[in-house]
Amino acid sequence: MRENTGKVVLVGAGPGDTGLLTLKGEKYIKQADCLVYDRLSSPEFLSMAKAGCELIYVGKENHKHVMKQDAINELLYEKSKCHELVVRLKGGDPYVFGRGGEEALYLVDRNVEVEVVPGVSSSVAALAAAGIPITHRGIAKGFQVITAHSRKDEEADIDYSLLTDETITCVFLMGLAHVKSIAAGLMKAGRRADTPAAVISNGTLATQRKCIGTLADIGEKIEEAKLTSPAIIVVGDVVSLNDRLDFFEKRPLFGRKITVPYIKTNELIAKLQQLGADVTPVKTGIINPIIIPEFADKVRSADWIVFTSKNGVRSFFYNLELAGADIRLIANARFAVVGKATEKELVKHHINADIIPAEQTGKGLADAMKLCMPYAYGVSDEDTFDLGKNSTLDLSNDNISDKMCKVCIFSAKEASPDLEAGLKEICELEKIDAYVNEQAYESIPESIGNMVSEAVFTSASNVERFFHMLPENAYVETAYSIGEKTTAVLEHHNVREIVQADDSSYEALVDKISYKD
């Protein structure tokens with residue numbers, strides 16, 4: 001009879017690249033009441049957990065254990081009594097030398113409901129990222145995956161006589177400290193001394209490194225390369241294909257360490273990672289929406305609703321829901337946004353912007369909106385503005401009324417005054433504090449140190465907060481700026497070189513980073 005316990009799900013987190021987590025695994029992480037994770041789990045997985053989820057680290061390194069396996073087994077059982085859903089997050093696949101079977105059996109013996117979500121094994125993925133197919137027609141017809149560690153974390157007692165078939169790729173997990181002895185054991189058993197061999201460190205990550213050699217010399221090469229764990233050893237003729245199939249390490253930003261101060265994880269970080277950069281995200285702020293008094297009355301009477309950021313859009317619809325209103329409240333309003341990223345956020349709510357200025361700044365938006373205002377002093381017939389691809393506005397004089405437009409700007413409490421300054425003379429203007437950007441008091445990653453080689457800044461406030469977090473004598477070698485205001489603030493800090501994007505967009509920033517001389 002099953003006692004009153006929750007469910008435990010063993011989730012394979014994959015080899016390290018967060019994009020290789022399965023959809024099912026992601027679903028369980030987001031639903032978990034308790035998340036038990038090891039050292040090979042990416043910090044990004046932890047950010048998926050819901051608010052209030054209990055996070056427990058049980059990481060293991062070679063000869064260093066935060067918690068012994070028996071204690072982990074008991075921990076999972078005890079937490080199943082406290083929570084409806086416990087997720088055990090394990091690197092790679094839970095059942096590929098991940099001791100997932102031991103954990104599952106321990107729980108099953110105590111009548112706990114268990115589920116296993118397979119993960120992408122590093123034994124396949126790390127090889128692929130290094131340009132080594134684990135099988136290949138005419139070269140390798142199969143593979144063997146062997147652990148190089150025993151249950152007591154010593155070198156495993158491997159019967160090398162079973163690993164002599166040259167048409168079989170041999171993959172050794174957790175064996176970085178035993179490369180020489182593994183190579184010697186294979187040669188003694190009969191494998192050719194010139195058999196290609198490779199060691200791959202941090203496979204599938206931007207910090208991936210590999211060492212290519214043969215059984216005869218891989219031991220010496222690995223000592224010179226100073227690779228770090230986790231690492232995988234692969235032996236077989238498929239290793240010789242690595243140069244031609246090495247797409248992963250040939251990505252344009254591979255090997256470049258780029259620091260990205262951020263408030264909320266965004267597509268800029270994802271794009272840089274896709275291009276191969278080793279991104280260090282540094283959280284500098286927290287966005288909190290502001291509850292807007294008399295929200296419905298303010299919006300109902302607005303002719304124009306203007307957003308200067310994605311966060312303004314999010315806060316607007318947060319307040320719309322909070323007011324118990326729906327889309328009919330804004331049926332008569334037109335919408336203007338400062339740029340492409342804000343436009344994308346608005347489209348998520350099935351609203352197309354009427355104005356998206358070519359110059360993605362507060363001043364650029366004000367200039368574009370002046371063309372639509374009946375009291376737009378100083379705007380001549382020759383003035384032209386890009387109002388955005390979705391614009392259906394008729395700007396002929398016959399269609400501009402004598403009524404003073406009411407414009408509601410939803411922006412940060414500390415927003416730049418440029419937009420307000422450009423519009424205040426020609427409309428009834430109300431600037432509404434939609435959200436507040438507060439300092440995040442988190443410690444800066446130790447890996448950053450006193451010198452940041454490259455950093456990307458998407459706002460002036462991010463600059464100030466990032467340098468506030470840095471050690472006193474720290475400096476940035478190259479800073480990429482999204483626009484003039486950000487650049488102006490960077491000029492007052494310890495930065496050797498500032499590169500400004502051609503326009504205020506993530507795409508323009510990525511272009512500057514990708515094509516830097």
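Compute, for the chain, the length of the dipole vector about the Cα centre, with Cβ point charges of +1 (Lys, Arg) and -1 (Asp, Glu) only. Units Debye, rounded to 20. The partial results should precede the final answer.
Details: 58 positive and 75 negative charges, 289 e Å.
Computed charge dipole of the chain: roughly 1380 debye.
Shape verdict for the chain, please, from the Cα gyration tensor: rounded (a/c under 1.5), prolate (a/b greater than b/c) or oblate. Intermediate values should be presented prior to the final figure.
On the way: a/c = 2.69, a/b = 1.89, b/c = 1.42.
Here the chain falls in the prolate category.
What percent do you get for the relative contact order of the chain when only Cα pairs under 8 Å and 6+ apart count? Let's see the in-between values first.
Numbers: 1071 pairs, mean separation 52.0, N = 517.
Contact order relative to length: 10 percent.
Taking the alpha-carbon centroid of each part, what is the distance from segment 310-357 to segment 426-441 in angstrom?
Cα centroid to Cα centroid, the span is 15 Å.
How far is it, in nm, from the label point at N450 to the one at R137 when both lie 7 Å from their Cα along the line to the Cβ?
Calculated label separation equals 5.9 nm.
Return the FRET efficiency for the residue pair K188, L105: r is the Cβ-Cβ distance, R0 is 25 Å, and the value is rounded to the nearest 0.05. The partial results should precede the final answer.
Values: r = 36 Å, r/R0 = 1.45.
Step by step, r from the Cβ atoms, then E = 0.10.
Students often get this wrong: which residues of segment 277-318 have the backbone nitrogen under 12 Å from the point 7 angstrom along Cα-to-C-beta of E442?
Label zone hits: 280-287.
From the square roots a ≥ b ≥ c of the eigenvalues of the alpha-carbon gyration tensor of segment 334-375, which class results: rounded (a/c under 1.5), prolate (a/b over b/c), or oblate? Could the numbers behind the result be given before it?
Working: a/c = 3.54, a/b = 1.53, b/c = 2.32.
Oblate is the answer for segment 334-375, as a/c is 1.5 or above yet b/c matches or exceeds a/b.
Taking Cα pairs under 8 Å and at least six residues apart, what relative contact order does segment 198-282 come out at, in percent?
29 percent
Computing the accessible area with a 1.4 Å probe over protein heavy atoms, can you report the carbon and sulfur percentage for segment 1-138?
On the way: 3440 of 6560 Å².
The computed percentage sits at 52.
What length, rounded to one decimal in nm, is gained on full extension from D502 through to K180, with 0.36 nm per residue of separation minus their alpha-carbon distance? Walk me through the numbers before you get to the answer.
On the way: separation 322, 0.36 × 322 = 115.92 nm, distance 5.23 nm.
Here the segment from D502 to K180 would lengthen by 110.7 nm.
Over segment 222-299, give the accessible area per residue in Å² for a 1.4 Å probe, as an integer.
Details: 3740 Å² over 78 residues.
Heavy-atom SASA per residue in segment 222-299 reads 48 Å².
Compute the FRET efficiency between T167 and R300 as 1/(1 + (r/R0)^6), taking r as their Cβ-Cβ distance and R0 = 60 Å, and round to the nearest 0.05.
Working: r = 75 Å, r/R0 = 1.25.
Approximately 0.20, to the nearest 0.05.
Show me the chymotrypsin sites (Phe, Trp or Tyr not before Pro) within segment 226-298 that DSSP assigns to loop and that have at most 13 other Cβ atoms within 10 Å of their Cβ. Please report the intermediate quantities before stating the final value.
Details: sites: F247, F248, F254, Y262, F295; in loops: F247, F254.
Answer by residue number: F247.
Using a 1.4 angstrom probe on heavy atoms only, work out the carbon and sulfur share of the accessible area of segment 188-229 in %. Provide the component values of the computation, followed by the final result.
Details: 1000 of 1910 Å².
Of all accessible area on segment 188-229, carbon and sulfur atoms account for 52 percent.
Just how far, in whole angstrom, is segment 260-281 from segment 188-254 if you go by their alpha carbon centroids?
Going from one Cα centre to the other spans 27 Å.
Under a 1.4 Å probe, what is the accessible area of segment 10-106 per residue, stated in Å²? Walk me through the intermediate numbers first.
Values: 4470 Å² over 97 residues.
Each residue of segment 10-106 exposes 46 Å² on average to a 1.4 Å probe.
The values are calculated or read from the model by the stated rules, or taken from the named source; none is laboratory data. Fair warning: this is a prediction, and the values are worked out from it, not measured in the lab. Using ideal geometry, Cβ is built from the backbone for each residue, glycine included, and neighbour counts are taken over all protein chains shown. Side chains are part of the model used for accessible areas, which takes the heavy atoms of the whole protein and leaves out ligands, DNA and RNA. Shrake-Rupley method; radii C 1.70, N 1.55, O 1.52, S 1.80 Å.
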